[in-house]
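A.B. asks: First, the structure itself, so that you have it in front of you.
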Amino acid sequence: SSADPVMVHFINRDGERLTTTAKKGESLLEVVVNQNLAIDGFGACEGTLACSTCHLIFEKDVFQKLDAISDEEMDMLDLAYGLTETSRLGCQVRIKKFMDGMTVQVPVEVSDIRSQLEVGKQS
Ligand code: FES
């Protein structure tokens, strides 16, 4: 039915697979928060498109079916480390039925714009 949970696998930075269920309409950030997934520093700006710590890498077939990216998401995504052709920001992607069983990869390197500025000051 339409209320069926959608299964999502996250590959964490250390390579560990976190499998969880999500509800349709939840953002991937909400999935991480609601399911209490141990992904360090994920979603630092709480979905306000100000950090890019929610960067996720999608499988190509899933990526191609995602809703179009907004200019705001594109601008923030551009600042993410390790950007790939199938990267999106998890706070902007909402769970849909076709995503059942998908695997998303948490990039090894994360950039929180705010901490990047700090690092810049030190070097
Ligand atoms: Fe900060 Fe997605 S949580 S941009």
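A.B. asks: Just to verify a number: what accessible area does M74 come out at with the full protein assembly present, 1.4 Å probe, Å² rounded to tens?
C.D. replies: Approximately 80 Å² of M74 is accessible to the 1.4 Å probe.
A.B. asks: If we count every other residue with Cβ under 10 angstrom of V6's Cβ, Lys/Arg +1 and Asp/Glu -1, where does the sum land?
C.D. replies: Result for the neighbourhood of V6: +1.
A.B. asks: At 222 nm, what helix-only mean residue ellipticity would the chain give, in deg cm²/dmol to the nearest 500, using -39500 (n - 2.57) for each DSSP H run of four or more?
C.D. replies: Value at 222 nm, helices only: -5500 deg cm²/dmol.
A.B. asks: Let me ask something additional. For S27, tell me the accessible area in Å² from a 1.4 Å probe, rounded to the nearest 10.
C.D. replies: Surface open to solvent at S27 totals about 10 Å².
A.B. asks: Moving to a separate point now. Can you put H55, H9 in order of accessible area, largest first, using a 1.4 Å probe?
C.D. replies: Numbers: H55 5, H9 30 Å².
Correct descending sequence by accessible area is H9, H55.
A.B. asks: I'd like the orientation of helix 113-122 relative to the chain: the angle between its Cα long axis and the longest Cα principal axis, in ° from 0 to 90, rounded to 10.
C.D. replies: With rounding to tens, the tilt is 30 degrees.
A.B. asks: How large is the charge dipole for the chain, taken about the Cα centre, if only the Cβ atoms of Lys, Arg (+1) and Asp, Glu (-1) carry charge, to the nearest 20 debye?
C.D. replies: Details: 12 positive and 20 negative charges, 65 e Å.
In total the dipole reaches around 320 debye.
A.B. asks: Whenever you get a sec, compute what percent of the accessible area on the chain sits on carbon and sulfur atoms (1.4 Å probe). The partial results should precede the final answer.
C.D. replies: Details: 3410 of 6890 Å².
Reported share for carbon and sulfur atoms: 49 percent.
A.B. asks: What list of ³J(HN,Hα) couplings, whole Hz, do you get for the range 101-106 from phi and the Karplus terms 6.51, -1.76, 1.60, once you set θ to phi - 60° and write x for glycine and proline?
C.D. replies: Once rounded to whole Hz, the list reads x, 6, 10, 10, 9, 7.
A.B. asks: Which one, C54, S87, F10, projects farthest toward the positive side of the charge dipole computed for the chain from Cβ point charges (K/R +1, D/E -1)?
C.D. replies: F10
A.B. asks: Another question about this same structure. Eigenvalues of the Cα gyration tensor times 5, then square-rooted: what semi-axes does that give for the chain, in whole angstrom, largest first?
C.D. replies: In descending order, the three semi-axes are 24, 15, 13 Å.
A.B. asks: About the Cα centre of the range 2-60, how large is the charge dipole given +1 on each Lys and Arg Cβ and -1 on each Asp and Glu Cβ? Please answer in debye to the nearest 20. Mind showing how you got there, number by number?
C.D. replies: Working: 5 positive and 8 negative charges, 29 e Å.
Result for the range 2-60 is approximately 140 debye, rounded to the nearest 20.
A.B. asks: While we're on this one: Lys and Arg at +1, Asp and Glu at -1: add these up for the other residues within a Cβ distance under 12 Å of K97 and post the number. Numbers along the way, then the final one.
C.D. replies: Values: positive: K23, K24, K65, R94, K96; negative: D4, D100.
Result for the neighbourhood of K97: +3.
The values are calculated or read from the model by the stated rules, or taken from the named source; none is laboratory data. As the structure is a prediction and not an experimental result, all values here were calculated from the model. Using ideal geometry, Cβ is built from the backbone for each residue, glycine included, and neighbour counts are taken over all protein chains shown. Each accessible area value is taken on the protein alone, full model and side chains, heavy atoms only, with ligands, DNA and RNA left out. Shrake-Rupley method; radii C 1.70, N 1.55, O 1.52, S 1.80 Å.
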